[in-house]
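Structure record follows, encoded as structure tokens.
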Amino acid sequence: MADSVVSIQYLKDFVNSQIYDDEKWAFNVKLLRAAGLFAGSIVLMRNYGDLMAI
Amino acid sequence: MATTVPPPAAAAKVDYLNLPCPIPFEELHREAMMSLKPDLFEGMRFDFTKMLNQKFSLNHSVLMGPTEIPSQSTETIKIPTAHYEFGSTFIDHPRLLLWGRILTDGRLNARVKCDLSENLTFKANAQLTNEPHMSHGMINFDYKGNDYRTQFQLGNGALLGASYIQSVTQHLSLGGEVFWAGQHRKSGVGYAARYNTDKMVATGQVASTGMVLLSYVQKVSEKVSLASEFMCNYLSRDVTASFGYDYILRQCRLRGKIDSNGCVAAFLEERLNMGLNFILSAELDHRKKDYKFGFGLTVGE
């Protein structure tokens, strides 16, 4: 139980360091936008791709 | 009358000793590259190819338009330029290919591809310029096995590379590469995977240079493909994703894409007549406010 508390704190510190640092956040925004476009486009292609067929 | 239920079809047993030969390691992402990376240009382009006989052809190309030069500031700097390129191609199908192009500024590009045997291929390419230390050359030896391919590369500047790709199942192939650049004292290793079926192709590649490249292509029909790509280099903090379409019709080929950097592009090749193609290119970078439009004509095969 103590181990999982330590790891949660480690995760919180890691997430905070990624959000509150300007340079890292700028990169993370680009990464999230690109990953969202990639994943969303795959979902769209697999489910609605037939609508684009001629 | 009793209806007989047909027995369920037995799942096809996979013969792991008889797998298909995978595609070359360097062409892992070829479907995504063909759909998402057309030859976009800005200005006017004219290409003329003349077949002198079945094996030999000459090529004349003219390109007039602005050329971007790298600048320190965020603004793009363009200089109007005009190029004429003369080239020749010799194809002795399937064993030998010789290809050469020379530009008015003295740059020479040359390629050789020769099948030394049924499984062994020799390839060489060179880019020669007038500027000192800017010329490059590379030779490759490719060996094709039953269900694997391997390549060995040797380039100037003590560049050594090797790659290997193996079919693991009917649809999945895995590969890896290593390289060593003696001049820069750098080395790297990379791994790749490719999964393809009749309807889709998914590939992934990671390298120790910090690059991650994922792609997915959905073949919607014989004429239509949709493609998506994700490229991330966490050492240079560069991330790009793009999503595009590729329509291959009888009279034209239309490709378009949008990417996560706010750039929209389209490329149209329209067949006006036998051997006569009209091309239109557009690339709109809304973030940098850089808009490029091009038109051209291609004559000959």
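With the cut-off at 1.5 for a/c, could you classify the protein assembly as shown from its C-alpha gyration tensor as rounded, prolate or oblate? Taking the square roots of the gyration eigenvalues as a ≥ b ≥ c, the protein assembly as shown is rounded. Each residue of region B:187-195 was assigned a 3J(HN,Hα) from its phi angle through the Karplus expression (A = 6.51, B = -1.76, C = 1.60, θ = phi - 60°), giving 9, x, 9, x, 10, 9, 9, 9, 10 Hz with x at Gly and Pro.
Put a dot 7 Å past the Cα of residue B:14, heading toward its Cβ, do the same for residue B:293, and the two dots end up 5.2 nm apart. Computed per residue of chain A from DSSP H runs no shorter than four, each worth -39500 (n - 2.57), the mean residue ellipticity at 222 nm is -30000 deg cm²/dmol. Projecting label points 7 angstrom from Cα along Cα→Cβ for residue B:60 and residue B:103 puts them 2.0 nm apart.
Per residue, chain B reaches -500 deg cm²/dmol at 222 nm when only DSSP H runs of four or more residues are counted, each adding -39500 (n - 2.57). Each residue of region B:93-100 was assigned a 3J(HN,Hα) from its phi angle through the Karplus curve 6.51 cos²θ - 1.76 cosθ + 1.60 (θ = phi - 60°); the sequence is 4, x, 7, 9, 9, 10, 9, x Hz, with glycine and proline shown as x.
Bridging of residue A:24 to aspartates and glutamates at a Cα separation below 16 Å is possible for A:13, B:238, once same-chain residues fewer than 8 apart are set aside. What the phi angles of region B:124-139 give under the Karplus curve with 6.51, -1.76 and 1.60, with θ = phi - 60°, is a coupling list of 9, 9, 9, 10, 10, 9, 6, 5, x, 6, 10, 8, 10, x, 8, 10 Hz, glycine and proline written as x. From the Cα gyration tensor of region A:1-52, with a ≥ b ≥ c the square roots of its eigenvalues, which class applies: rounded if a/c is under 1.5, or else prolate if a/b is larger than b/c, or else oblate? In terms of gyration-tensor shape, oblate. Fully extending the segment from residue B:285 to residue B:115, taken as 0.36 nm per residue of separation minus the present Cα-Cα distance, adds 56.9 nm. Among the listed pairs B:78/B:288; B:123/B:199; A:30/B:186; B:257/B:292; B:223/B:292; B:37/B:292, those whose Cα-Cα separation exceeds 21 Å are B:123/B:199; A:30/B:186; B:223/B:292. Centre-to-centre separation between the Cα atoms of region B:26-92 and those of region B:168-206: 28 Å. For chain B, averaging the sequence separation of C-alpha pairs within contact (under 8 Å, six or more residues apart) and dividing by the residue count gives a relative contact order of 15 percent. For chain B, a/c is less than 1.5, where a ≥ b ≥ c are the root eigenvalues of the C-alpha gyration tensor. That puts it in the rounded class.
Spatial offset of region B:138-160 relative to region B:214-265 amounts to 29 Å, using the alpha carbon center of each.
Taking the DSSP beta bridges in the protein assembly as shown as the whole, what percent of them are antiparallel, to the nearest 5? Display every interim value, and only then the final one.
Values: 154 of 160 bridges.
Here the share of antiparallel DSSP bridges comes out near 95 percent.
Counting only Cβ charges, +1 for Lys and Arg and -1 for Asp and Glu, the dipole size of chain B around its Cα centre is about 80 debye.
Taking trypsin sites (Lys or Arg not before Pro) that fall in a DSSP loop and have at most 14 other Cβ atoms within 10 Å as cut points, what is the longest piece of chain B between them? That would be B:96-184. Each label point was placed 7 Å from the Cα along the Cα-to-Cβ direction; for residue B:138 and residue A:15 their separation is 4.3 nm.
Values in this text are rule-based calculations from the coordinates and carry no lab data. Note that the coordinates shown come from a computational prediction; the quantities given were computed from them, not determined experimentally. Note that we place each Cβ from the backbone using ideal geometry, even for glycine, and neighbour counts take in every protein chain shown.
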